[in-house]
Amino acid sequence: MTVAETMPGTTATPRALVVDDAAENRMLVSALLIQQGFEVDQAADGEAAVQAAEQTHPDLIVLDIGLPDIDGVEVCRRVRSFSDAHVLMLTAQDTELDKVVGFEAGADDYVTKPFSVAELVGRVKAVLRRATRTPATAPAAPATSRTFGSLTLDPLAREVTLDGQPLDLTRIEFDLLDTLTAEPRVAFSRAQLLERVWGPNWFGDDHLVDVHVSNLRRKLADDPRSPDFVCTVRGVGYRMGAGR
């Protein structure tokens, strides 16, 4: 089954943008995505990638970090100013700093070179599945906003405010906060959060949850040693706090 066939409610052919300065890498990734039912555009540098994203409105961007002009992280930041495309970053590095920087720029997931065909296809499917979660895997969204002290989340509008000021959260950060606030007395394990936010078929290190929680706490001005909002439950995972 192709990626296109796993996207419920989707009738148009999904579109992808592959960004890599190495022609052989672009061709390999493009061929894999075409097999999965995508129409594919390509870009060999960062400036061309931003322009292509503005013109083609891709559903998915597979983005190499090491580009000859502006790097992939900066491309991701620029694209995030006008696009909600799913961004899968490719890198030859696998350091914690690289992951944090990539996620802060708005990336959805990360694949380290060299990667297998199965890993890349699996990550692409997992990234896109998050946007089309079924009611069985997505928390029910009530009609009213949720308030925790100075924090308010509107699940239908996908808006969050802190002290009356809007917060700019990534898709994953919002989905994490949405999951935690929907059941504030539940202590979610990392595995449960991965299933709720990344989807039941996602595979990878559950440490990914910690990276995104850390980014979310920073935006909430939440001290991890004494958090008001996202609280650590030792030996379990995370739950929602009462707020301040």
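What number goes with the only condition from (1) at pLDDT 95 or above; (2) under 16 Å from the mean Cα position of the chain (by Cα) that residue 78 does not pass?
The one condition residue 78 does not meet is (1).
What is the number of the single condition among (1) within 20 Å of residue 84 (Cα to Cα); (2) among the polar types (S, T, N, Q); (3) without any contact (Cβ under 8 Å) to a residue 12 or more places away in the chain that residue 215 does not meet?
The single condition residue 215 does not satisfy is (3).
Of the conditions (1) under 22 Å from residue 86 (Cα atoms); (2) out of contact with any Lys or Arg (no Cβ under 8 Å at 6 or more places or on another chain), residue 206 clears all except one; give me its number.
(2)
Has region 218-231 got any residue that is in a helix (DSSP H, G or I), surrounded by 14 or more Cβ atoms within 10 Å (Cβ to Cβ), at pLDDT below 90 and touching an Asp or Glu at 6+ places or on another chain (Cβ under 8 Å)?
First pass over region 218-231, keeping only residues in a helix (DSSP H, G or I): 218-219.
Narrowing further to those that are surrounded by 14 or more Cβ atoms within 10 Å (Cβ to Cβ): 219.
Add one more test, that the residue is at pLDDT below 90, and what stays is none.
Scanning region 218-231, I find no residue that is in a helix (DSSP H, G or I), surrounded by 14 or more Cβ atoms within 10 Å (Cβ to Cβ), at pLDDT below 90 and touching an Asp or Glu at 6+ places or on another chain (Cβ under 8 Å), so the answer is no.
The values are calculated or read from the model by the stated rules, or taken from the named source; none is laboratory data. All values reported here derive from a predicted model rather than from experimental measurement. With ideal geometry, Cβ positions are generated from the backbone for all residues, glycine too; neighbour counts draw on all protein chains shown.
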